[in-house]
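One structure below.
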Amino acid sequence: MNRARALWERVPAPVVDIVLVTVAAMDLWPMLWDDTRLGVALAALGCAALAFRRRFPLGVFLLTLPVALTQPFAIAPLVALFTLAARSRNRPLLAVCVALAAVTSSVPWPLASFSEVGRAMTLIDFVYSLATAVAPVLCGQLLQAHRDLARRLAEVEEAREHERMLHAQAVLARERAQLAREMHDVVSHQVSLIAVQAGAMQVATKDPNAKEAARTIRSLSVTTLDELRTMVTLLRASGGHATELTPQPTLADLHKLVESSGTQAQLSGELPPTVGTPAQRALYRTVQEALTNVRKHAPGATGCVELWQDGDHVGVTVTNSPPTRPSLALPGSQHGLVGLRERADILHGTLEAGPTTEGGYQVRLRIPLSTD
């Protein structure tokens, strides 16, 4: 039943109107052979008026009443009455229209033949005509109730969806706030201690190499604290727009990143200015993660950061030489390269990472130039 209703709703309204006018005319055609010109004109007017039943339901119904008066049975008044009932909420008006339809259908025409038909037969015809007129009204009101119910269910579902979204946002806000507190109270505190200890070491030591290493550690700790503050601010904002956020890194910040990485690395190559912001961010994060891995897992190694363009694609290749001394067992999340690959997939690019034949390591990101 639902499938049939769906197919019926797909039929264009003009096609439905043409079909109804044709059916109403064919219904009256056999009874108009011996009718007067006035009867034929009224029948044609009533049938043609069905094409405007949606815009003027009451007027079309009144135009079809002469058809019910002159003909013993006609479809046109019933169709007009159904349309009026489906579009009107005025119950007294519908009751009056039902009565008019029943009277016009039961009164003999011409009126001079009333004495021949008799009051009893006229009353019987009125009862049958009343029942016939009530049927399309009930169907029209049922259709109207069905539409109201469907609209109400859609509103309820929309309200429930909005409520689920608000609940999810509230849960996310609580999680973000908790994560922000943890980052502020634990991670930021530990990084601050690292910066303080590195500063003390930089002042106390006499070894130039140790002093430079302490300076690098302190500089990286301060930079990490700044990034942590930005992340905490973002988490506490919970998706709002009231909190001002620091700008995200771009290609212009690569020189500073390479210089402050604590690794002897060189930056070469250029990229066109048409590289989109998400692509610039991905390139920056790739270089940042690669140099961090060099500093952690390849002590004493030198690095090379190369920006390049290959047709409609741009990318960066970070290569480091073999380490010159054993690396320390530093804690790691093992998620750095995984995150970079996910970022590359989002931008429809690729990330390749693996050891080189010389004993070093290479990370290569390739993304489309048109990424926005």
Extension length gain for Ser268 and Arg215 (0.36 nm per residue less Cα distance), in nm, is 16.5 nm
Restricted to region 254-372, the DSSP antiparallel beta bridge percent, nearest 5, is 80
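Mind ranking 77-89, 296-308 by how tightly packed they are, going by the mean number of other C-beta atoms within 10 angstrom, highest first?
77-89, 296-308
What size of dipole, in debye to the nearest 20, comes out for region 251-331 about its Cα centre when the only charges are +1 on Lys and Arg C-beta atoms and -1 on Asp and Glu C-beta atoms? Mind dumping the intermediate values first?
Values: 6 positive and 7 negative charges, 90 e Å.
The calculated dipole for region 251-331 is roughly 440 debye.
Counting other C-beta atoms within 10 Å, which of Leu149, Leu257, Leu138 has the fewest, and how do the rest follow?
Working: Leu149 10, Leu257 17, Leu138 13.
Least to most surrounded, the residues fall as Leu149, Leu138, Leu257.
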Val203 and Ile124 label points (each 7 Å along its Cα→Cβ direction) are spaced in nm at 11.9
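Fewest first, what order do Tyr128, Tyr361 take by the number of other Cβ atoms within 10 Å? Each step should come with its number before you reach the end.
Working: Tyr128 13, Tyr361 22.
In order of increasing Cβ crowding within 10 Å: Tyr128, Tyr361.
Sorting Cys47, Cys139 on the 10 Å Cβ count, fewest up front, what's the list? Intermediate values should be presented prior to the final figure.
Values: Cys47 26, Cys139 15.
Final ranking by Cβ density, sparse to dense: Cys139, Cys47.
Every number here is computed from the coordinates shown, using simple stated rules; none is lab data. All values reported here derive from a predicted model rather than from experimental measurement. Note that we place each Cβ from the backbone using ideal geometry, even for glycine, and neighbour counts take in every protein chain shown.
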